[in-house]
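The values are calculated or read from the model by the stated rules, or taken from the named source; none is laboratory data. Here the structure is a predicted model, which is why all the values come from computation and not from measurement. We place every Cβ from the backbone using ideal geometry, glycine too, and count neighbours over all the protein chains shown.
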Amino acid sequence: MRVYVPLTLTGLAEAHRTGELGSGPFTAYAVTPGLREWYTSDDIEELEYAALSRAALASLRLLAADPGAARRRVVVAVDVSDGAATADPGRGLDPDALGEVRVKGGVPLAKAAAVHVDADDAEADVTAAAEALQAADAGDDDAQLVVDGAEDHELLWFATQEIANLVGPS
């Protein structure tokens with residue numbers, strides 16, 4: 001199963017240093033039954049993109065909680081065994097949990113298929129979105145437009161061999 005792990009560049013640097021994504025149960029995003037029902041598509045590429053987008057929003061939440069992190073969303077795509085990631089069936093169609101899965105344990109970074117990161121030119125919009133997130137969550141439509149502005153930036157694809165260049169010297 002392909003899961004999308006939301007991180008920050010700081011979190012990616014830590015994973016690069018330790019060789020592991022997460023140390024215990026952690027949240028990721030995947031094509032779950034709830035996401036399939038919500039998205040109403042059978043196209044697996046579209047569904048995986050929806051899961052990636054959910055992880056990008058979760059990365060934005062991590063940035064909002066860490067003002068010192070570089071203002072670039074980060075998502076690591078990694079393949080895990082089917083039993084390693086589970087969705088909460090009780091929250092399948094909960095808008096806040098669409099595509100959300102819990103990965104049982106640490107996953108070697110070596111299993112990553114790719115890394116998705118914002119380009120430098122997204123930084124201003126991502127910064128504004130991270131600052132507006134709390135107000136958007138509270139129902140502020142103008143703040144939601146700011147958050148949506150970050151989603152206008154496509155995450156760039158990087159091979160796992162490029163992680164060292166993304167995080168800088170260890």
Subset tally (residues that are in a loop (DSSP other than H, G, I, E, B), surrounded by fewer than 16 Cβ atoms within 10 Å (Cβ to Cβ) and either on the phi > 0 side of the Ramachandran plot or not polar (S, T, N, Q) (or both)) for the range 26-52: 3
Conditions (1) over 17 Å from VAL107 (Cα atoms); (2) surrounded by fewer than 17 Cβ atoms within 10 Å (Cβ to Cβ); (3) polar (S, T, N, Q); number of the one not met by THR18: (1)
Only listed residue being assigned to a loop (DSSP other than H, G, I, E, B) and under 16 Å from GLY22 (Cβ atoms), chosen from GLY68, GLY105: GLY105
Any hit, the range 95-109, residues being more than 16 Å from TYR4 (Cα to Cα), surrounded by fewer than 19 Cβ atoms within 10 Å (Cβ to Cβ) and touching a Leu at 6+ places or on another chain (Cβ under 6 Å): no
Considering residues of the range 17-71 that are more than 17 Å from the chain's Cα centre (by Cα) and of a type in the set (Lys, Arg) only, the residue nearest to VAL167 (Cα to Cα): ARG17
Condition met for VAL80 (within 17 Å of TYR4 (Cβ to Cβ), at pLDDT 95 or above, of a type in the set (A, V, I, L, M) and crowded, with 18+ Cβ neighbours inside 10 Å): no
Among the candidates ALA114, ALA164, ALA159, residue that is touching a strand residue (DSSP E or B) at 6+ places or on another chain (Cβ under 6 Å) and closer than 28 Å to PRO25 by Cα: ALA114
Cβ-Cβ under 6 Å pairs, at least 6 apart or on other chains, the range 123-151 side without any contact (Cβ under 8 Å) to a residue 60 or more places away in the chain and part of a helix (DSSP H, G or I), far side of a type in the set (Val, Ile, Thr) and surrounded by 17 or more Cβ atoms within 10 Å (Cβ to Cβ): ALA128/VAL146; ALA132/VAL146; ALA132/VAL147; ALA136/VAL147
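Please specify each residue of the range 1-25 satisfying the condition of being in a helix (DSSP H, G or I) and either touching a residue at least 60 places away in the same chain (Cβ under 8 Å) or of a type in the set (Ser, Thr, Tyr) (or both).
Across the range 1-25, the qualifying residues are LEU9, THR10, GLY11, LEU12, ALA13, ALA15, HIS16, ARG17, THR18.
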Among the residues listed as VAL115, VAL75, the single one being in contact with a Pro (Cβ under 7 Å, 6 or more places away or on another chain), under 27 Å from GLU162 (Cα atoms) and assigned to a strand (DSSP E or B): VAL75
